[in-house]
1. Specify the angular offset, from 0 to 90 degrees and rounded to the nearest 10, of the alpha carbon long axis of helix B:80-92 from the longest principal axis of the alpha carbons in chain B.
2. Rounded to the nearest Å, what's the spacing between the alpha carbon centres of segment A:86-137 and segment B:22-57? Just the number, please.
3. Under the definition of Cα pairs under 8 Å and six or more residues apart, what whole-number percent is the relative contact order of chain B?
4. Distance check, please: which entries in B:LYS54/B:LYS78; A:LYS78/A:LYS115; A:LYS78/B:LYS144; A:LYS144/B:LYS78; A:LYS74/A:LYS115 exceed 23 angstrom between their Cα atoms?
5. Would you mind giving the mean number of other chain beta-carbons within 10 Å of the Cβ of each residue in B:127-135, as a whole number?
6. For the protein assembly as shown, what is the mean residue ellipticity at 222 nm derived from helices alone (per DSSP H run of n ≥ 4: -39500 (n - 2.57); sum divided by total residues; nearest 500 deg cm²/dmol)?
7. Using DSSP to call loops (not H, G, I, E or B), can you name the trypsin sites (Lys or Arg not before Pro) in segment B:74-110 whose Cβ has at most 15 other Cβ atoms within 10 angstrom?
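Quick note: the coordinates plus some simple rules give every number you see, no bench work behind them. Predicted model only: the values in this text are computed from it and were never measured. Counting neighbours? That spans all protein chains shown, and the Cβs are built from the backbone with ideal geometry, glycine included.
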2 protein chains.
Amino acid sequence: MLPPTKGPPTSIKDIDIDVLEDTLSFYIRSINLAVSRDLDEKLEGLDVARGTGKITTLFLVDGNPGIRPSTIAKLILKDRSATGRLVDQMEEHGLLFRETSADDSRAQELYITEKGHELAERVRGIVTRQSREFFSDISDEEHKLLIDILRRTYRRVAAQS
Amino acid sequence: MLPPTKGPPTSIKDIDIDVLEDTLSFYIRSINLAVSRDLDEKLEGLDVARGTGKITTLFLVDGNPGIRPSTIAKLILKDRSATGRLVDQMEEHGLLFRETSADDSRAQELYITEKGHELAERVRGIVTRQSREFFSDISDEEHKLLIDILRRTYRRVAAQS
DNA sequence: GAAAATAGTTGCATTTGTCCACTATCCGTC
DNA sequence: GACGGATAGTGGACAAATGCAACTATTTTC
């Protein structure tokens, strides 16, 4: 008979995390912490590190010339206020510039700069590699599956905001 | 022939998010924002809302009497400093209490209180339901699959910290 | 017994985001 | 074409969380 395993559990493997063991949101939230930290390291010093949204914004402006801050806000799941400040930062860093829309003078159109475009180029590689490396214990097949499923969820959430 | 779709893209569906479209970390990070917000709403006023870690800590202490702050730190992927403050809060709210370990007077053992146990009971239901509802567009089969995969990743990450 | 490692605490700084109110502008309707 | 309601962007105040580094107290190692 094994010795009674009472008393403070010490090894991480013996720990019971209760219903979280089968709770998807728990894994999403936890892995988010880890993957975001890892990504920040890889982006160190790049004008685009820290927080969600900068990278997405960079790509959005690079690939969709004239896109508006409010559209970006919906896609990065932040409010206009936060998005505005984010655009401020990126403008200060010379990654993009604003223009008032000709159609609607309330709105702005965002355009990438040369510097921004170059950064996008660099970041493209870093981000792709980082994600694949971080999740390297997941097979290609599973990886594809995960993305297909989570993409649906993301689209649903982004669409309704 | 369709009219040229040049000019500022307006509908979210037409937007190109570049390589992020196939980047798992992007989905994890984005969905994390949404699912965390949704969860916070469901937990409103419950001593356990906001930030990652409180819920996990509550369950850990409830299910693993005598568990140490440093063990919790590894599981919630925070440093001891942040974990300590988190335990402070929960102690102030009367959810758990500390005792100095008899074996090692540097270490503490954490125990749940009656109030903490009751809260755990409530939160168990809320958390499970919230996750399943949030991801309700995912089939049971896919859901199971996702969890199995992400659990591996979480364990790997938690183990090495 | 001395050095190195570990547990926890605290101060500090930084970041980040949310809420709310305010202005300018556009849209639809009477 | 004037008015009310929605929408775009901005700015301020505020709350919170978290990470780092330094420091104390113990324990472990050699």
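1. 70
2. 26
3. 21
4. The pairs that break the limit, which is 23 Å between Cα atoms, are A:LYS78/A:LYS115; A:LYS78/B:LYS144; A:LYS144/B:LYS78; A:LYS74/A:LYS115.
5. Mean number of neighbouring Cβ atoms from other chains: 5.
6. Calculated at 222 nm, the ellipticity per residue is -19000 deg cm²/dmol.
7. Values: sites: B:LYS74, B:LYS78, B:ARG80, B:ARG85, B:ARG98, B:ARG106; in loops: B:LYS78, B:ARG106.
Here the trypsin sites (Lys or Arg not before Pro) that fit, given the DSSP loop and packing criteria, are B:ARG106.
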